[in-house]
1. Restricting everything to alpha-carbon atoms, can you work out Rg to Rh for the stretch A:499-539 with a Kirkwood hydrodynamic radius?
2. Quick query: amide H of A:Glu91 versus all other amide H atoms, modeled in the peptide plane; which residues come in under 5 Å with a sequence gap of 5 or more or a different chain?
3. Express in % the proportion of alpha carbon pairs of the stretch B:2-90 at distances exceeding 21 Å.
4. On the first, second and third principal axes, largest extent first, how far apart are the outermost C-alpha atoms of the stretch A:295-351 in Å?
5. Roughly how many Å² is the accessible area per residue of the stretch A:567-714, as a whole number, for a 1.4 Å probe?
6. For the protein assembly as shown, which whole percent of the accessible surface, found with a 1.4 angstrom probe, sits on carbon and sulfur atoms?
7. Tell me the mean residue ellipticity at 222 nm calculated for the protein assembly as shown from its helices only (DSSP H runs of n ≥ 4, each -39500 (n - 2.57), averaged over every residue, nearest 500).
8. With heavy atoms of protein chains only and a 1.4 Å probe, what residues of the stretch A:257-290 have at least 50 Å² less accessible area in the full set of chains than alone?
Amino acid sequence: MINDLKNIFLLSIFLFGCSDNPLNSPYSDNKSTQNILYSSFQERPKHLDPVRSYSSNEYAFLAQIYEPLFQYHYLKKPYELIPLTATKLPEVQYLDSSFRVTKKVKNARYSKYILNIKKGILYQNHPAFFKEKSKYLYHSLGLDDLKNINTLSDFKKSSTRELLSDDYIYQIKRLADNLNHSPISGVMQEYIYGFTEYKEQLSKLNNISGEKRVSYLKNNKMLGIKKIDDFSFSIILKKPYPQFVYWLAMPFFAPMPWEADLFYSQQQLKKKNITLNWYPVGTGPFMLTENNPNLRMVLKRNGNFRGEVYPSLEDKIKNKKMYSKNKEKVIPFIDEAIFSLEKEQIPRWNKFLQGYYDNSGIASDNYDQAVSLNNSGDITLTEELKEKGIHLSMATAASTYYIGFNMLDGTVGGKSNRAKYLRQAITLAIDYEEYISIFANGRGIVAQSPIPPGIFGYQDGIKKYNKTIYSFKNKRIVKKNIEKAKILMEKAGYPNGINQKNGKPLILYFEATGSGADTYSFLNWLRKQFKKINIQLVTRVTDYNRFQEKMINGTGQIFQWGWNADYPDPENFLFLLYSKNGKVKYSGENASNYDSKDFDRLFIKMKNMRNSIEREKIIDQMLSIIQEDCPWIWGWHPKSFSLSHGWVENVESNLMANNTLKYKKIKLNSRNKNIKSWNKANFTLLYILAFLIFLLILSVFFMVRKKDREKIYD
Amino acid sequence: MINYIFKRILYAIPILIGVNLLTFTLFFVVNSPDEVARLHLGNKRVTQEQIQSWNEQRGYNFPLFFNQSETGLNVIKKTIFYEKSVKLFYFDFGISDSGRDIKYDIKQRMWPSLAIALPSLLVGLMINITFALFFVFFRATKVDYIGVIFCVALMSISSLFYIIGGQYLISKLLQLVPISGYAQGVDAIKFLILPVFISVIYGIGSGTRWYRSLFLEEIEKDYVKTAKSKGLSEVSVLFNHVFKNALIPILTGVVVILPLLFLGSLIVESFFGIPGLGSYTIDAIQSQDFAIVRAMVFLGTILYIFGLILTDISYTLVDPRVRLK
């Protein structure tokens, strides 16, 4: 009987296509043994149009498809830019006010980037490129043409074409188009010559769309962008801006073929949700063949990809050109990557442990199951995970989280010594080491300044540190004690937290967002920190909209915020305190509205410099100004922990590079063997259950029959 | 009957307007279009110019109810209320704030929702009625008491416990089905077994108690006593008389929720990674895509009203005494 039950169960399982596959496998039989990387994503990417995309969950897909001119070397630290589709790093010329090349940097009014791209790079096959009798077949689709079309793959014919400098130029013009809502159009307006004028011209044409708009973009030049030939072009910047090259490594500057833009601009396709935001077209190693972000997203190897060489630490750049070592190792190694939507932690974690996902992060709920501290106090994997051959990789993110003071506020803001002492006292009172231990499972490091590790100018808290909070005692850097904070409170005019002027207790307000249990625990913790120096902290929890409104109007007092690096340069962090970026006055990213003439002067000097001892000195001066003024409570830099199974090769922590899928390699035999041994169905409980149900039915039958025969009616 | 249905449809209009006004007030008066735009444009480097352009592109730059800068019908038509709410009445759900056609997405996502909801309803119905009949058969005995306690216990446990417990037991320990996921066609079955099983178990407590009370109410009636006095067996009375008459409230209770099955379950779909309308709604709430939330609230109201009309019609079919006027 047990065998019969088993057969029935197996038969039902076979009905839905499983044979050799474990019963709990979420993949079909033919997929499980192929050269595919399996992973998950938690949140649907909002935008896949490189002109708009600006978040890491979008870059996880986009960066595998689109190729900007440059990329970060996968293995080298500190982060190093290398050519991707470019033949070499850009040649930068300085121009005087008459646009003539000058070698004197002091005379430089403009800077010019000359960019050359490799020949022979092909786009993925796409219907937008397909021509019939020298006419694009799918550029003017009617209702009848779209009867059986629901996704991009329903188009029967597709073609490719070579990457041209026009495509990069076209994309820069798209950045200027208001209708595309590019988040960096404001920044580029500041730098690219002619960008503002082009943007203004386009904004007058908001009523034209589709083919006419594409045609406008294609045929009208932007003053600062010049096509030299099919494979080279130049960009003129309004002022020297060395960080510009980092922008050129971001998907914003990926090439966009006008054919694709025109194809997707057709209204009938938009009604079927076939848009550029949903179906990217790139030259990268992968192409998005299935985009169902409510279920899964599938990236397949782009058959037209030129092939790239796996990087090595011995790679060198000479005369701006890249010389690779591993000529024989051609990437990508995998044929496909399947990303499944997994919103909840529990299924995501369990599927990783079952081997159905090749990699995983560590959620706070799974932290204890994943890692532990060894005898020497280092973080290590638990025995269970070690036995499975799982690897842990750790890296500190180029991010910072901080608590900011609104410098426009009458109590905590301003340039007076009173307010400065108050801010210093609060900064001293807050124990971020405790915060990291409680709320981040120890996954973070205390910040000395806005600059995180891995970025030039970072203060490690050992050789260089924040002298307002730490002092050097007995050959060690130690945090000043709470008594020092109390003295500062007295100097600020709030002895024991009482305002000397009116005798009332000092009450401060913290603007918070979020509503979960974590938020309330954090707020309780924060109140206790303020209580150490007898400040009553009132927390005002609100939704993100209200919070933003308060920040924009400058009505908030104390708040928490964070910043992820756009590129690995200190300018990208220090600009958060530059007065011309003030949130209230200039709608910039300086949320605390900090305004210091000395800091601004040094910032302007530092931002156009290349990394050097002189630049480091200036950064140190800038940091000592802000450490003294305390517009922020220097919070923490998060550490990223990620796990991968032993069968995944070439896993490196590089938090600036997004196009890392092409480097990953899977040992298929090892994966298949482990998955089978870890996922053997256990029928015992099922048999017991079936037996119990059988007994129950039998006893019910007899009970009913007995009662029915009694014929006792109530 | 046609007159009755027509009347009911007319009654539905003020309800729909009310719901529409309420959701409009919630989404547009509480949150200004600028705030919505800021949410969708992201946290970094958002300028006022971009916000304005985003609003213009989506028609959020119009006044809320009256456009005084326009003339004629455009005074009403060129408003956010007309653009975003009135159009719902002719099923023009428009474009979501993330730029996708909502009607197309709803059409795609209602089927996975139905794939879970329909078997859960049918299997649950059979099991709940069976248990209810069993407890009624042994009414006022230890079996009944224990059964009721068991049902109350089942009802008292959070649905999350069933989901997490089910995933742990069936998928992790016994490794019989995938923990989560979905596939098209026949491949979907292995992903549906666990959510359907959990939905059924979760519904047993409340369902059984509800049907038990319906049967008990019926069993107290005079015709049951007559049947018993004629010497019919308990089983025969229960199935041939009580069950048939109790079918009227059961049927109407089921019919009213039938249209709502398309809307799916918020929690189950989210935990099992089912791309249905339940997770569509919860995603929209989380990402504050108000265009989708408005459309789903409107659709939910229409389906509920439709369910109520169906219930009334089903009354006439199962109970000859009821006539719709």
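The values are calculated or read from the model by the stated rules, or taken from the named source; none is laboratory data. Owing to the predicted nature of the structure, the values given are computational and were not obtained by experimental measurement. Positions of Cβ are generated from backbone atoms using ideal geometry, with glycine treated the same way; all protein chains shown enter the neighbour counts. These accessible areas exclude ligands, DNA and RNA; they are computed on the full protein's heavy atoms, side chains included. Shrake-Rupley method; radii C 1.70, N 1.55, O 1.52, S 1.80 Å.
1. When Rh is taken as the Kirkwood radius, the ratio is 1.08.
2. A:Ile114
3. 45 percent
4. The Cα atoms of the stretch A:295-351 stretch 50, 26, 20 Å along the principal axes, largest first.
5. Spelled out: the 1.4 Å probe surface of the stretch A:567-714, per residue, equals 49 Å².
6. 57 percent
7. Taken over the protein assembly as shown, the calculation gives -13000 deg cm²/dmol.
8. Those are A:Asn273, which lose 50 Å² or more relative to the chain on its own.
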